[in-house]
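The structure appears below as structure tokens.
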Amino acid sequence: MVCWALGITEVSPELGIMLVERFISRERNEPPDIDVDFEHERREEVIQYLYAKYGRERAALAATVICYRPRSALRDVGRALDFSPAQIERLTRDRLWFDGRAIAPERLRDAGLDPASPTVQRLMELTEALIGFPRHLSQHVGGFVIARGRLDELVPVENAAMPERTVIQWDKDDLDTLGLLKIDVLALGMLTALRRTLALVADWRGRPLTLADIPREAPQVYEMLCNADSVGVFQIESRAQMTMLPRLQPRRFYDLVVEVAIVRPGPIQGGMVHPYLHARERVARGEPIDYPRPVDGHGDDGGNGVRSVLERTLGVPIFQEQVMQLAVVAAGFTPGEADQLRRAMGAWRRKGELERYREQLLTGMAERGYCADFAARLCSQIEGFGSYGFPESHAASFALLVYFSAWLKCFEPAAFLCGLLNSQPMGFYSPSQLIQDARRHDVIVLPPDVGASDWECTLQAAAPTPARAPAARLGLCMIKGLRHDTAARIVTARASAPFSSVEDLALRARLDAGELKRLAAAGALAALAGHRRQALWQAAGSLPAPGVLRGAPTQESLPALQPPDETEDLVADYARLGFTLGSHPLAMLRDTLAGMRFITATAIAACPDRKLARAAGIVTCRQRPGTAKGVMFVTLEDETGLINVIVRPELLERQRRELIAARLLGVYGQISRVGKVVHLQASRVVDHSALLGALDARSRDFQ
């Protein structure tokens, strides 16, 4: 409420979703947690403001304890036991985020080690013992402590690795114990992307545009999201969220609040996802929702208290605040005790507090006449929240960003693409995938060009009909290895007059040989020199003469070089840009893949349930979340779209090398369809990376 009054948040208290006891209560007797998200490119300004306002003697970043993980433990123990750097590198290179603590014997053999060797066994024993042990202190991602007195009288203060930052040697748990005020100064890339996108649209349209000007509840936005068309949209662009969208079918803002919160470890492990989806289906059929009620003779409100808590989520607790409210209305907790329950959720498995609260919940609900099944189910759901449940107030704030970013993707797709690219690194998708998605939505994407590009991506009239939607002109920032000051000199020189030749560019922008070569290799000299080979030739011979001859005209005939073929241009695009605006690599391989009977992503999406199918694509993403019971999710991309592949644990173990190392993966399997949601369940995979040759296509892998 205070944040809304100060203009920090757009979430109005009128939504009625804020539970005051979550922040302030008699039992809590400490300052509330304060988390504020800022633009990720401007967060340092806020941090330095806090230092300046409160003084370095009273303000500092909190520490965080970095503990050993399998890779770091293997490296340190391996060095201590005098294993060679090459052996350690082979062993750690194949250790992935999902491998756990144990190291299988076959992984040791793959690294050239003998599992039966006493030294290797000693390595494994010490490594396993070291995992989870504190390794060193680092600075918290954003936790800022502000004290009434001097911090250095309480705790050692040291300089951080980053300039102009100081860190104390206490972590957030220490601060909680001591009751010191901590503010989390966090960063969101989407906030930066939204600001940049709005500025681009305002400049193009010739009128200001702010978040407050974006129309609410636009049907086109919800229709787009119901079709899982959410690449680049805040929070709902992941594989799991895109699978949920067609099932949940969001049609109003509160549906987005639920969507943000439900695809989390807490609701998933608490068994809340499917009951909620089934409840939505019942409502769609006009059937009533049954809410738990006390048996006859118990309860003062006939169960209306429970209904008032669960009605907005159709009888299924989704949010932390609902757990607190249920503890109050169904089990007799005081509001302060309910907040202590919330705080203990994440500590149950670590500190063994589950049984104490379970007993209090079960006893309180039994005394009020609620059946044992409902009580046990609630306890199970609360235990799931211990893995990570989302507060409703946070979900509402994030849902606003979901809607704003979805509206911009729907109505201003070129500007939205530019905003995302200018705010990298951020989000779930690489620039290549963002560009491919925008082009599938009919956005014209123009390449980096020294005659038209700024440092950042911009909007430009789409020839030959400038009245239509703008095109996205890629900035010079997209060229690997090109420095910002180089681009600034190019833009400044171009402002006085267009460049007439590569030599003119080199002279006026004061470019050296390396800078010219990078521009030529990226295709940014095409307007001045033609194809890449011609551009590279001219770049090599266009350096200004030294001394008094600088700027003197040269008379040199240019050779007529053979242009590179499409494949060579494609490889060069990926090498210097990381993507291509030409033909998709798989479009060029389609005849070969069709000969192997691999079908396209579009064809996969049209297949019926349980049909046997095979598909191939460039691996763009691998995920193996902890809640997936060992299942890996792989996303493939071809010239028509994305293919979602499910890999069972046994196949992952059997074909680990192909699944981890392949750039171009062929998948044989069976279609799994639930409505519009289509997956290819893999039974066998084949590494066809050799077909890509030297093409450098990289995936983004997540936990």
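The values are calculated or read from the model by the stated rules, or taken from the named source; none is laboratory data. Only a predicted model underlies this, so the values are computations on that prediction, with no experimental measurement involved. Don't worry about glycine lacking a Cβ; one is built from the backbone with ideal geometry, like all the others, and counts go over all protein chains shown. Side chains are part of the model used for accessible areas, which takes the heavy atoms of the whole protein and leaves out ligands, DNA and RNA. Shrake-Rupley method; radii C 1.70, N 1.55, O 1.52, S 1.80 Å.
Has the range 266-289 got at least one residue that is among the polar types (S, T, N, Q), open to solvent by 20 Å² or more (accessible area, probe 1.4 Å) and in a loop (DSSP other than H, G, I, E, B)? Looking for residues that are among the polar types (S, T, N, Q), open to solvent by 20 Å² or more (accessible area, probe 1.4 Å) and in a loop (DSSP other than H, G, I, E, B), one finds none in the range 266-289, hence no. Restricted to the range 420-511, the set of helices (runs of 4 or more DSSP H) holding at least 1 residues that are under 20 Å from Leu577 (Cα atoms) and of a type outside the set (Phe, Trp, Tyr) comprises 431-440, 484-496.
Annotation note: Cβ proximity below 9 Å between a residue of the range 49-74 that is without any contact (Cβ under 8 Å) to a residue 40 or more places away in the chain and closer than 30 Å to Ile103 by Cα and a residue that is basic (Lys, Arg) and open to solvent by less than 60 Å² (accessible area, probe 1.4 Å) (sequence gap 6+ or interchain) occurs for Arg71/Arg95. A count restricted to the range 81-91 and to residues that are in a helix (DSSP H, G or I) and either touching a residue at least 12 places away in the same chain (Cβ under 8 Å) or hydroxyl-bearing (Ser, Thr, Tyr) (or both) stands at 4.
If the condition is being open to solvent by 40 Å² or more (accessible area, probe 1.4 Å) and either more than 15 Å from Trp407 (Cβ to Cβ) or in a helix (DSSP H, G or I) (or both), then the range 202-212 contributes Asp203, Trp204, Arg205, Gly206, Arg207, Pro208, Leu211, Ala212. Restricting attention to the range 256-265, the residues that are assigned to a helix (DSSP H, G or I) and open to solvent by 10 Å² or more (accessible area, probe 1.4 Å) add up to 1. Within the range 177-226, the set of residues being free of Cβ contacts under 8 Å to residues at least 40 places away in the same chain, under 21 Å from Val141 (Cβ atoms) and of a type outside the set (A, V, I, L, M, F, W, C) comprises Thr177 only.
Scanning the range 213-230 for residues that are of a type in the set (Gly, Ala, Ser) and either under 24 Å from the mean Cα position of the chain (by Cα) or open to solvent by 40 Å² or more (accessible area, probe 1.4 Å) (or both) yields Ala228, Ser230.
Determine, yes or no, whether Arg42 is at pLDDT 85 or above, in contact with a helix residue (DSSP H, G or I) (Cβ under 7 Å, 6 or more places away or on another chain), over 30 Å from Leu130 (Cβ atoms) and open to solvent by 60 Å² or more (accessible area, probe 1.4 Å). Answer is no for this residue.
The number of residues in the range 299-328 that are modelled with pLDDT under 85, in a helix (DSSP H, G or I) and surrounded by fewer than 18 Cβ atoms within 10 Å (Cβ to Cβ) comes to 1.
Residues in the range 175-201 that are buried (at least 16 other Cβ atoms within 10 Å of the Cβ) and acidic (Asp, Glu): Asp184 only. Restricting the first member to the range 383-408 and to residues that are over 13 Å from Val263 (Cα atoms), and the second to residues that are modelled with pLDDT under 95 and of a type in the set (Ser, Thr, Tyr), the beta-carbon pairs closer than 6 Å and six or more apart or on different chains are Ser397/Thr9. Considering Gly142, Gly100, Gly149, the condition of being part of a strand (DSSP E or B) and either modelled with pLDDT of 80 or more or under 24 Å from Asp701 (Cβ atoms) (or both) is satisfied by Gly142 alone.
Cβ-Cβ contacts under 9 Å between residues 6 or more apart (or on different chains), taken from a first residue in the range 652-676 that is closer than 22 Å to Met244 by Cβ and assigned to a helix (DSSP H, G or I) to a second residue that is open to solvent by 70 Å² or more (accessible area, probe 1.4 Å) and not hydroxyl-bearing (Ser, Thr, Tyr), are absent.
Close Cβ contacts (under 9 Å, 6 or more residues apart or on different chains) running from residues in the range 319-341 that are on the phi > 0 side of the Ramachandran plot to residues that are part of a helix (DSSP H, G or I) and buried (at least 23 other Cβ atoms within 10 Å of the Cβ) comprise Gly332/Met365. Picking from residues in the range 648-684 that are surrounded by fewer than 18 Cβ atoms within 10 Å (Cβ to Cβ), small (Gly, Ala, Ser) and at pLDDT 90 or above, the one that is nearest to Gln249 (Cα to Cα) is Ser672.
A search for C-beta distances below 7 Å between a residue of the range 603-614 that is free of Cβ contacts under 8 Å to residues at least 60 places away in the same chain and any residue that is open to solvent by less than 60 Å² (accessible area, probe 1.4 Å) and part of a loop (DSSP other than H, G, I, E, B), counting only pairs 6+ apart in sequence or on different chains, returns Arg614/Phe598.
Quickly run through the range 588-625 and pick out the residues that are among the small types (Gly, Ala, Ser) and under 22 Å from Val678 (Cα atoms).
Ala594, Ala601, Ala603, Ala605, Ala606, Ala613, Ala615, Ala616, Gly617
Report yes if some residue within the range 374-390 is modelled with pLDDT under 90 and assigned to a loop (DSSP other than H, G, I, E, B); otherwise report no. Yes, that holds for at least one residue.
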